[in-house]
1. Given the options Thr717, Thr669, Thr700, name the one that is assigned by TED's automatic domain parsing to the domain that holds Phe743 and modelled with pLDDT under 80.
2. Determine whether Thr218 is closer than 19 Å to Lys294 by Cα, at pLDDT below 90 and not aromatic (Phe, Trp, Tyr).
3. Cβ-Cβ below 7 Å, separation at least six or inter-chain, first residue in region 560-587 and in the same structural domain as Lys605 (by TED's automatic domain parsing) and in contact (Cβ under 8 Å) with a residue 60 or more places away in the chain, second of a type in the set (A, V, I, L, M, F, W, C) and buried (at least 17 other Cβ atoms within 10 Å of the Cβ): which pairs?
4. Hey, Gly210 hits all of (1) over 27 Å from Gly308 (Cα atoms); (2) touching a helix residue (DSSP H, G or I) at 6+ places or on another chain (Cβ under 6 Å); (3) at pLDDT 95 or above but one; which does it fall short on?
5. Looking at (1) in contact (Cβ under 8 Å) with a residue 24 or more places away in the chain; (2) assigned to a helix (DSSP H, G or I); (3) over 24 Å from Asn648 (Cβ atoms), which one does Gly593 not meet, given that it meets all the others?
6. Determine the pairs where a residue that is not assigned by TED's automatic domain parsing to the domain that holds Ile480, located within region 721-743, has a partner that is aromatic (Phe, Trp, Tyr) with Cβ atoms under 8 Å apart, the partner being 6 or more residues away or on another chain.
7. Looking for something among the β-branched types (Val, Ile, Thr), outside any helix (DSSP H, G or I), assigned by TED's automatic domain parsing to the domain that holds Leu397 and under 19 Å from Asp498 (Cβ atoms) - is there at least one such residue anywhere in region 418-435?
8. Can you tell me which residue is surrounded by the fewest Cβ atoms within 10 Å (Cβ to Cβ) among those in region 386-410 that are of a type in the set (S, T, N, Q) and at pLDDT 95 or above?
Amino acid sequence: MEDRLEDLSAALEYIDPSLLNYQEWCNIGMALKYEGASVDMWDRWSSQDGSRYHAGECEKKWNSFINTGITGNTIFKMASENGYISADYQPIIKGGARELFDDETVEFNYRVIDKSMMDYKKLPEVKNWNPVEDIRKYLSVIYSPNDHVAYCVKCFQDQDGKYHPGQRNYDRTAGRLMDELDHAKRIEDVFYDYDHNCGAWISFNPMDGGGCKIDNITDFKYALVESDTQNIDMQYSLMTKLELPIAALVHSGNKSIHAIVRIEASNEKEYSRRVDYLFKVCKQNGLDVDTSTKNPSRLSRMPGFERGNNQQYLIATNIGKESWNDWVEYIESINDDLPDPESLEDDWSNLPELAPCLINDVLRQGHKMLIAGPSKAGKSFALIELTIAIAEGCKWLNKWDCAQGKVLYINLELDRASCLHRFKDVYEKLGIQRPNLRNVEIWNLRGNAVPMDKLTPKLIRRAQKKNYIAVIIDPIYKVITGDENSAEQMAKFTNQFDKVASALNCAVIYCHHHSKGSQGSKKSMDRASGSGVFARDPDAMIDLIQIPLNDSVTEQQINKAVCDEWARTIKQYSPEYYETIPYDDFMSRKQMGGHLYDSVTIKRKLNDKQIEIITQQAELKASQMTAWRVDMTLREFPKPQQTDIWFNYPIHTVDTTGVLADIPLDEETSGWRKGKPLTQEEKNDRKREKQKNEKVERETQFNLAFEELSFEHGEVTMQMMADKLLLSKKTVQRRLNELKERFKTIETPGKDSVIVKTLDSMDK
C-alpha cells in the first residue's frame, strides 16, 4: 500500500489543479480516498491552485465521498497524459503515421504555439451569405451520399431561458438532402420551419438511419473542437495555427466557432483515445477546449441557419493538415526529442569524449551488456563477481580491470537470505579485501517482480540520486513481457534497458539463457534464447559455452585439487615443513601424499580418517567443476580471443594452464560427451531435466501473470489469463491442470470461468 501511495504522490506532481474543472478536481479526491490516502494529500495538492483553493473545502468534500468506484488509475491516467511514466497505467494509442507505439506512455509536451510571439488573426466576416449553399457545401464535405444525417431544427427553453435541441431527425441521407437543396430557394424548403431564436444543430458523424446515438454511428470520422471561454478571434487563430485537420469550420452564431476535425478512427475506443490526444495538444497550446464535446454523437451547430440576430455560417472547409495521420506526424515532428543531424566536418576537430570504461576493453559506462549461457553455467555468480569487482575497483574473473563505483544488484530469483549469503560466500572465496561494501546495494524483488515496462519507472525513481555506475538485473526471464521470439516485442522490451541507462547515466547488465539444442556450432549471436534482438541489442555480449571434459582432464583436475588441499593442510599444521617441499612436488599426488604423512600424521596432528575426509572432499569438489569458453561480441572494442574458465562453486577462475584450450566444443548432435556416446539412460535423464525446467518456467510465468491481473482487476478470468500469456484458453486450461494443487476455476453459467488460488496454496 505504501508503494501505491508513493506512486500516486509522484503522479500528482504531473497534474496541475489549476487546469482542471470542478468534476476532474473531485475525481482526484475520490481516487485518493479509494486508495486509502489521507485528505491531507489532496489538500496539499489542491493548494497549488491559488486562485480557487479555500482552506477546509477539501475536508468538507472528502467526507461526502462514499463508494464512488473511482480508483487511483484515474490519477495515473491523467498524470501519464502529462508526461508521467506510470508503472500502473500505460494507455495505448495505435494507428496512424508515427503515432504512439505499444510500449510508450502518452507524453504531452507538444507545444506548437508560443502565445507571446503570436499574431492573432481576425475571423473572416461573412459576405453575400447564401444559407442554402452553406449547408449544401457542408454536407458535401462531411458526408458520403449514402450516409444518414441526424439533425435538429426543434428546440425548447429551460427555466433559465437557455435553448436546447429538441427532437432529432435522421431519416434522410446526405445525397437526398443535397438533391432537395438543389431545388430549394430557402433553407426552410428542405428543413421546414425552425425557431430563429435558437438556430439548428447537426451530428457531424454519419448515422445508420435507425437513431442518433453512439450505437447508430457508422463511421467515427470527426470530432468537435470548440471553446466557449476565449475570444472568437483567438479561437480562430489558435485552430489555424495548430494546423488542425479541419473538414469544416462553422460559426456558432454566438461566442464560439465549431471545428469539425478529421479523427478517422476505426472504432469508438480508438476515437476516444485520439480525441484525448487532440484535446491535450489543443490545451497545451492555449486553446481551452470544451471537454464535454467528446461524445461522437454530439450535435454541432449547422451552417445556413439564423440564431437570433446572428448567422450560423460556414467559415471555411478543408483547412490545416489533410488527415489525422498527417497532423499527428506534424505535431510529433515539431516536438520530438530526437537530435538534429550533425555535420561531421563541424565535429571533426572537436570530437566528444568517449565514455570511460566500466570493464576495461569490454564495456563503457552507460552502455549495456548481456551475459548468456545455459543453466548451471554460474551466470548469477558471474554477475555477483562483477558486482564485487566494480564495487572494489578490482579485476573481474581475475582478468578484466573494472572502474570503481556504486552498483545496484536487482535480485529477482533468490530469497533475501540466500542472496546475502551468496554475496558473502563469493567475497570470501575471492579472498579480496572488502573496504567498499557500501558500494553494493541489493534490491531483493523475489515475489515482487513486475514486467520490465512497469519496473523501469519504479527503478528510475528509486535510483535517480544514488549515482550508480552500474545496474545489474538477474535474471531477465522474470521481467520479460511479450513473445520472446518476436523481434518487435523484444525490441520494445530491451528498449526499457535504454531508458534505465539514459535516465541514470549508468551501465545496465543482465543475463539470459541459451536457446534449446546444440550450441557448439552456433555463432554467439544466435545462442541466446528468443529473438536475435537479445544478442544484437547490447553493446557487449558475453557468451558462456560449456567445454566437454574428457576423462583425462577430469582426472588431472581432481589430482590438482587433492594436491592443493594437501598442501594447504600441511601449511596449516606444519608450516615449517611446508617451506621445505620442492616446487615440483606440489604437482605430484604421489609426492604430496608422502609429504602429508611425513609432516602431519607422524606428528599425530591428524589421523588417517581425517586425512581421508579431506581427500574425499577435494575429489568431490573437483569432480563437480565445470569448464566454460567465454566468447565476446563487442560493439566498442575489438573482439578479444576466447577465454577458458573454470566454475568452481561459487566462483569462476581463468584457466591459466591451457589444458582447456584444445578441447573442441560439444556437438550435441553427434551424441558425444566426455569422449563417450550418451547412453539411453543419460538421454532420458537429460529429457527429464529439460521437462522439469520447462515446467518450473511455466509455473513461474503463470504465477506472475495471476498476481499482476489480480492486482489490476481483482478477478482473473480464463480469457484475461489467455490474453496476458498470449496463449489460447485451451492451453491455459492445460497449465491449470498442471498447477491443480495451487489453482482452480470457479464456473458460473453464462460467464467466463474465474481462476482462483486454492486454500492450500494460500496457506503456504
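The values are calculated or read from the model by the stated rules, or taken from the named source; none is laboratory data. Note that this is a predicted model, so its numbers are computed, not measured. For neighbour counting, all protein chains shown are included, and Cβ atoms are generated from backbone atoms with ideal geometry for every residue, glycine included.
1. Details: Thr717 fails: modelled with pLDDT under 80; Thr669 fails: assigned by TED's automatic domain parsing to the domain that holds Phe743.
One residue alone meets the criteria, Thr700.
2. On the way: closer than 19 Å to Lys294 by Cα: yes; at pLDDT below 90: no; not aromatic (Phe, Trp, Tyr): yes.
Taking the combined requirement at face value, the residue does not satisfy it.
3. What qualifies is Ala561/Ala618; Ala561/Ala622; Val562/Ala618.
4. (3)
5. (3)
6. Partner pairs satisfying both residue conditions: Met721/Phe702; Met721/Phe706; Leu725/Phe702; Arg735/Phe702; Leu736/Phe743; Leu739/Phe702; Phe743/Phe702; Phe743/Phe706.
7. Start the filter on region 418-435 by keeping residues that are among the β-branched types (Val, Ile, Thr), which leaves 426, 432.
Those still in the list that are outside any helix (DSSP H, G or I) too: 432.
Imposing the further condition that a residue be assigned by TED's automatic domain parsing to the domain that holds Leu397 reduces the set to 432.
The next check asks that each one be under 19 Å from Asp498 (Cβ atoms); those that pass are none.
Checked region 418-435: no residue is among the β-branched types (Val, Ile, Thr), outside any helix (DSSP H, G or I), assigned by TED's automatic domain parsing to the domain that holds Leu397 and under 19 Å from Asp498 (Cβ atoms).
8. Here is the first cut: in region 386-410, the residues of a type in the set (S, T, N, Q) are 387, 398, 404.
Now narrow it down to the ones that are at pLDDT 95 or above: 387, 404.
On the way: Thr387: 25, Gln404: 14.
Taking the candidates together, the pick is Gln404.
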